[in-house]
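The values are calculated or read from the model by the stated rules, or taken from the named source; none is laboratory data. Note that the structure is a prediction, hence the values are computed from the model and not measured. Every residue, glycine among them, receives a Cβ derived from its backbone with ideal geometry; neighbour counts consider all protein chains shown. Note: areas computed on protein heavy atoms with side chains; ligands, DNA, RNA excluded. Shrake-Rupley method; radii C 1.70, N 1.55, O 1.52, S 1.80 Å.
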Amino acid sequence: MSIAIGADGATVTHRRFLAIALPATLAQMTTPLLGLVATGAIGRLGDAVLLGAVAVGALLFDFLFWVFGSLRMGTAGLTAQALGRNDPTEVRAALIRAVLISFAIGLVLVAVHVPVAHLAFTLMGTSAAVTAAAGVYFSIRILSAPFAIANFSVLGWLVGVARTDIGLGLQILIAIANGGLTLLLVLHWDFGVAGAALANLLAEVIGTVAGLTAARRLLGRGWRVPMPIVLDRSRVIETVAVNSDIMVRTGLLMLVLLFFAAQGARHDDVTLAANAVLYNIVMVTAFFLDGFSTAAEQICGQSVGARDRPGFMRAVRMVLMWGFGFAVPASLLLVLGGGAVIDLLAANEQVREVARAFLPMAALTPILGVAAFSYDGIYSGATWSRDMRNLMLPAVTLFFVVWAATLSFGNTGLWCAYLSFMAGRGLFQAWRMPALVRRTFG
């Protein structure tokens, strides 16, 4: 097997941390850029209904795919721990096991997508025009489910073996394919929302083929693993348990985001579209900061596998230091440059006006959310998945309590609730971590 830990071995240094974090940061940023490309292309048509439809459709796929995107976090943690234990067979098996699970989940989603879409649009309360256009987008893009979820697994495995540089290349490939196809199908051939969905589908297929090819080349001649090892009962149970807990946690997170979008839709199509534009802008900075979380997944996971408590604690300090170090500039950048991005993404003047009014609140997201991103990486690397799930519950409760208390403030109250939720996630995880460290390392 041609995978190596690297010259630094298990030593946790800033150089090693950044070597993982910076490619991961750029790779993470390409994910929301998929939504930005579709939002921008449709937004240039100047129709708030079509922009709202893509926003709703994209958010539903964020929910569906990110719930099962737990496979990325779970696979990264399990792979990194196998690497720390110096178990090359399990490193290979973790990839195959995750990809098989991914395709199975994706096929189930395709099979049940009609009632799922109907229920989602009903609960979100979108207008008839938005629902019709979003239905077209959903029915096409759902076909990408097996490939999109498999791409999460491959990326997680690459994180686990500290090859985020390859993960970056794959994400860039997907982003370029999606961007080029979106511009061609939406703006040149005028396929509208159907073109945006088809572009995403084709990009995910390209990413899966390229990702599996890269993994096989990375593993060299030793890439094959006997199926009895891949399907080992204890390993399968561990994989399912870790990913199920993270899946529930992610589902609760996406519940908040769906509720956030639904409340915007209940105001009017302009508020829905404005919140969607701000959400996509904020997600670029969020995924940027999440790159440091990704480095924590690998280093903390490897430290747990090697039973290296000092290395683990050093990784914790690094992710928090670098995270907060970038969160403040990110918020300032949103305040100073967010207006120009809003104008770029939305041609409708009403949408621009509403988005600019709430930009200062959206700009607080990096500062208030960076702790949550950091601890997510720490927890998933250590496979403290049950605690990730349990600690999400009080954060969700906080969101709804603040929303109910500020209901009379409309969209302002909704943003207050969201910011409280992001801050609460980090605070609850920080409170719980000392006990988990004692339990893991003794």
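Tabulated data for the structure shown
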item: Cβ-based charge dipole, segment 347-436, positive-most Cα from A357, I378, L407; result: I378
item: Segment 241-370: C-alpha gyration tensor shape, a/c 1.5 cut-off, then a/b vs b/c; result: oblate
item: Heavy-atom surface of segment 330-442, accessible at 1.4 Å and reported per residue (Å²); result: 42
item: Three-way shape call for segment 146-289 based on the alpha-carbon gyration tensor, with the a/c threshold at 1.5; result: oblate
item: Heavy-atom accessible area per residue - segment 235-283, 1.4 Å, Å²; result: 30
item: Per-peptide average of other Cβ atoms within 10 Å, ordering 141-150, 102-111 highest first; result: 141-150, 102-111
item: Relative contact order %, the chain, counting alpha carbon pairs below 8 Å whose residues are six or more apart; result: 26
item: Solvent-accessible ranking of V328, V236, largest area first, probe 1.4 Å; result: V328, V236
item: Extended-chain gain in nm, criterion 0.36 nm per residue less alpha-carbon gap, A241 and A128; result: 36.7 nm
item: Estimated distance in nm for a label pair at T412 and W223, the labels positioned 7 Å out from Cα along Cα-to-Cβ; result: 5.7
item: Size of electric dipole in the chain: Cβ of Lys, Arg +1 and of Asp, Glu -1, about Cα centre, debye, nearest 20; result: 1500
item: Rounded percent of accessible protein surface that carbon and sulfur make up, segment 103-245, 1.4 Å probe; result: 72
item: Computed over segment 180-287: relative contact order in percent, which uses C-alpha pairs under 8 Å that are six or more apart; result: 10
item: Accessible carbon and sulfur surface of segment 343-400 relative to its total accessible area, %, 1.4 Å; result: 60
item: Cα gyration tensor, segment 189-242 - rounded (a/c under 1.5), prolate or oblate; result: oblate
